[in-house]
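Below: the structure, in C-alpha cells.
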Amino acid sequence: MKRIPAIATLLVIAMTVVGCATMSSMMGWTTLIDGGKGLDNFDRVGSSNWAVVDGAIQADKKAGKENGFLVSKNAYKDFQIRVEFWSSDDANSGIFMRCANPKVITDKSCYEANIYDQRPDPSFGTGGIVHHAKIIGPMQKAGGKWNSYEITAKGPNIVVVLNGVKTSELTHTQFASGPIALQHGSGVIKFRKVEIKPL
C-alpha cells in the first residue's frame, strides 16, 4: 500500500517538470539552449571550440585570432531574451542582438549586451550596451559565478537587466532586426539556458 503514494508523488513531479517546459512554450518562449542541448539551433562563426561541457555549452579556446559566435538561425525584431551564463574573470563575451550581417558579427554591426569584467573602459563593461549605453551605477562583476541576463528589445528601446538589476537602457534606431549571437572572445564562457520570446 505504501507504494501507491510513492508512485503518485513521482507522477506529480514528472508532470510538474513537463508542465513547466510546456508552460514556457505555451507562453510564447522558444528555448534555444537548455543545458547541453541547443548547439543545432545556431550557426557557428569564427574559430572558438564550442562544445557541451558539464551540462552547458562552453567555449574556452580559439584556433586563431577571430572571435567565435553562435548565431541564431532566425532573425528577431521585438523580443525578450533570458540567458543564464557563467564567465571566468578574464572572459570577453556578450549577447549580440539585431545583427546586420549573420556572417560578420561585430559590436558595430549589432547591439551588444557586454560580458567583460576587465574591459579597459568599464563604463561599457558587463551590463552595458557597447558603444551605445553606459552602465547605470557601478558595474556588477559576472566572473566566477552563474548570472542571468533579461533583455527586452521593443522598437528603438532596449533594456538590459543583469541578475535582477537594470544595468543599461537605450533608445536607438540603427538596427531594427536580425539574429542573436553569443560571443566567445577570451577566457571561458558557458551558456546553460537561452530562451527568446518574440513580442
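The values are calculated or read from the model by the stated rules, or taken from the named source; none is laboratory data. This is a predicted model, so every value here is computed, not measured. A quick note on method: Cβ atoms are made from the backbone with ideal geometry, for glycine too, and the neighbour counts reach across all protein chains shown.
Of a type in the set (G, A, S), in contact (Cβ under 8 Å) with a residue 24 or more places away in the chain and closer than 26 Å to V53 by Cα, is that true of A142? Walk me through how you get there before you give the answer.
Details: of a type in the set (G, A, S): yes; in contact (Cβ under 8 Å) with a residue 24 or more places away in the chain: yes; closer than 26 Å to V53 by Cα: yes.
When the stated conditions are applied, A142 passes them.
Please state which one of P102, P156, P122 is within 21 Å of I196 (Cα to Cα), over 15 Å from the mean Cα position of the chain (by Cα) and either aromatic (F, W, Y) or surrounded by 13 or more Cβ atoms within 10 Å (Cβ to Cβ) (or both).
Working: P156 fails: either aromatic (F, W, Y) or surrounded by 13 or more Cβ atoms within 10 Å (Cβ to Cβ) (or both); P122 fails: within 21 Å of I196 (Cα to Cα).
Within the list P102, P156, P122, the selection yields P102.
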Practice item. Quickly run through region 24-63 and pick out the residues that are of a type in the set (K, R) and more than 19 Å from A91 (Cβ to Cβ). Key: K37
Check your understanding: What is the residue count in region 26-80 for residues that are loosely packed, with under 13 Cβ neighbours inside 10 Å and in a helix (DSSP H, G or I)?
Key -> 2
Check your understanding: Looking at region 101-124, which of its residues are assigned to a loop (DSSP other than H, G, I, E, B) and touching a strand residue (DSSP E or B) at 6+ places or on another chain (Cβ under 6 Å)?
Key -> P102, I105, C110, Y116, D117
Practice item. Search region 168-184 for residues being surrounded by fewer than 21 Cβ atoms within 10 Å (Cβ to Cβ) and of a type in the set (S, T, N, Q), and hand back the single one that is nearest to the chain's Cα centre (by Cα). Key: S177
Check your understanding: Given the structure, is K108 loosely packed, with under 12 Cβ neighbours inside 10 Å and modelled with pLDDT of 95 or more?
Key -> yes
Point to revise | Selected residue (criterion: nearest to the chain's Cα centre (by Cα)) from residues of region 134-152 that are exposed (fewer than 15 other Cβ atoms within 10 Å of the Cβ) and part of a strand (DSSP E or B) | key: S148
Review point. Counting only residues that are in contact with an Asp or Glu (Cβ under 6 Å, 6 or more places away or on another chain) and without any contact (Cβ under 8 Å) to a residue 60 or more places away in the chain, which one in region 145-174 is nearest to D60 (Cα to Cα)?
Key: V161
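Let's see how each residue does on (1) in contact with a His (Cβ under 8 Å, 6 or more places away or on another chain); (2) of a type in the set (D, E):
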{"site": "K73", "(1), (2)": "no, no"}
{"site": "D78", "(1), (2)": "no, yes"}
{"site": "I81", "(1), (2)": "no, no"}
{"site": "F124", "(1), (2)": "yes, no"}
Check your understanding: Do we find a residue being modelled with pLDDT of 95 or more, over 16 Å from F85 (Cβ atoms), more than 18 Å from the chain's Cα centre (by Cα) and assigned to a strand (DSSP E or B) anywhere in region 185-198?
Key -> no
Point to revise | Members of region 81-99 found to be part of a loop (DSSP other than H, G, I, E, B) and within 17 Å of E195 (Cα to Cα), listed by number | key: R98
